[in-house]
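One structure is given below, encoded as structure tokens.
The values are calculated or read from the model by the stated rules, or taken from the named source; none is laboratory data. Nothing here was measured: the structure is a model prediction, and the numbers come from that model. For neighbour counting, all protein chains shown are included, and Cβ atoms are generated from backbone atoms with ideal geometry for every residue, glycine included. Keep in mind that these areas ignore ligands, DNA and RNA; they rest on the heavy atoms of the full protein, side chains included. Shrake-Rupley method; radii C 1.70, N 1.55, O 1.52, S 1.80 Å.
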Amino acid sequence: MTFKELNISEPILKALANKKYKNPTPIQEKAIPPALDGSDLLGIAQTGTGKTAAFAIPIIQQLNRLHFNERRREVKVLVLTPTRELAIQIGESFGDYSRYTDLRHAVIFGGVNQRPQVDKLKRGIDILVATPGRLLDLINQKYISLDSIRHFVLDEADRMLDMGFIHDIKRLLPMLPKQKQTLFFSATMPLAISNLSRSILNNPVIVKIIPGSSVADRIEQHLYYVERQKKSHLLVSLLKQEQTKSVLIFSRTKHGADKIARILKRNGIDCEAIHGNKSQGARQRVLTNFKSGRTRVIVATDIAARGIDIANLEMVINFDLPDVAETYVHRIGRTGRAGQRGTALTFCSQDEQMMIRNIQRLTGKKLNRILV
Ligand code: AMP
């Protein structure tokens, strides 16, 4: 199946060609046709499946089809997402896919000055990507009205619940017009989420992408048993041997992340750390440098890495093992995105060995042990 066969229009096909996407991912194949027809959608899928394009493309195409008279600059699309990192990434995707249209988008999230966001809104936009708290703030201050929304996307609904946003969402829902298309995405379906989806979706098409094994199968997973004090030495020598261009290293603590970054730099390896002690601006700069290939290696804590989406990440290294096996799967799932191959290396010291058994049980796969 090609994007053309999904009846995607010329300006978007051109933008996809720029991104060098060859074919649609499974969720795109299944979700784009009904979403283009205006149906509501319940997508059960994780990040990494290509779900952003699965909702962004049909929305852009529908807006681009609007008759000239209907093209007033008012907010027609609302995408709600739990974190600022995701909001920024979704905004970038809308920017990329709508590059050859005259649509405009804005991204709003908390924790930063609202002024630039408000200025952007005042200039007039079609598509708004937002985290719930800042959105409610700006609605209360009358900078935003949701009266003209035609398409509503609720992204990562289960994480919204985990992060305590469900109350905010319930306040926002009645502000949306009744007549609209709703696209609802969640990686898991706990009861509270399936109830929420039932209450807001109208006869939805359900698209389910089964996670788990497929991710683990695409990623080569190697295990090194190594004493704690020798981990840095192993890391430096592996990074010097490897030709990999983009490597994400996980550290359990912020302090540990800084220390690893220092050691790598001292050994001439291009590297930056990213964690919660750094300002949003500093984190964004680190990410931009990494995505553009200026920095080869970043060291992150789990929290700082949440929601980070790096296409073409070649390798993940678990310098420390996480506390729960699910986190291991999330970490390694950063590589091997959208059908590409990836490698994950795990350093395990004696006190961490128990975790390996849990991980192998969860993924149903034995890690390939490398002797050092
Ligand atoms: P998402 O699940 O939306 O976070 O997307 C995961 C990653 O896959 C992102 O880095 C996208 O840029 C990439 N991607 C999305 N669609 C495709 C596609 N059809 N072919 C290749 N890569 C894609």
**Message:** Going through S39, S98, S93 one at a time, which residue ends up being hydroxyl-bearing (S, T, Y), more than 21 Å from the chain's Cα centre (by Cα) and at pLDDT 95 or above?
**Reply:** S39
**Identity of the residue in the stretch 22-38, within 20 Å of R99 (Cα to Cα) and within 10 Å of the ligand (Cβ to nearest atom), that ends up most open to solvent (accessible area, probe 1.4 Å)** = K22
**Every pair of residues 6+ apart whose Cβ atoms lie under 9 Å, when the first sits in the stretch 100-123 and is farther than 29 Å from L16 by Cβ while the second is of a type in the set (A, V, I, L, M, F, W, C)** = Q114/I108; Q114/L138; V118/I108; V118/L138
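Here's the yes/no breakdown for (1) in contact with a Gly (Cβ under 9 Å, 6 or more places away or on another chain); (2) modelled with pLDDT of 90 or more:
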{"residue": "K142", "(1), (2)": "no, yes"}
{"residue": "F152", "(1), (2)": "no, yes"}
{"residue": "K170", "(1), (2)": "no, yes"}
{"residue": "L176", "(1), (2)": "no, yes"}
{"residue": "T188", "(1), (2)": "no, no"}
{"residue": "L191", "(1), (2)": "no, no"}
{"residue": "V207", "(1), (2)": "yes, yes"}
{"residue": "Y224", "(1), (2)": "no, yes"}
**Prompt:** Just a yes or no: is a residue in the stretch 42-54 within 30 Å of R123 (Cβ to Cβ), more than 18 Å from the chain's Cα centre (by Cα) and of a type outside the set (S, T, N, Q)?
**Reply:** no
**Message:** Among the residues of the stretch 89-98, are any open to solvent by less than 10 Å² (accessible area, probe 1.4 Å) and over 22 Å from Q284 (Cβ atoms)?
**Reply:** no
**Filter result (in contact with a helix residue (DSSP H, G or I) (Cβ under 9 Å, 6 or more places away or on another chain) and within 11 Å of the ligand (Cβ to nearest atom)) within the stretch 9-21** = L16, K19, Y21
**Asked** When the stretch 47-84 is examined, which residues are found to be more than 13 Å from the ligand (Cβ to nearest atom) and either among the β-branched types (V, I, T) or in a strand (DSSP E or B) (or both)?
**Response** I59, I60, V75, V77, L78, L80
**Count of the stretch 110-128 residues which are of a type in the set (A, V, I, L, M, F, W, C) and surrounded by fewer than 23 Cβ atoms within 10 Å (Cβ to Cβ)** = 4
**Message:** Is it the case, given these coordinates, that L313 is within 15 Å of the ligand (Cβ to nearest atom), in the same structural domain as S237 (by TED's automatic domain parsing) and part of a loop (DSSP other than H, G, I, E, B)?
**Reply:** yes
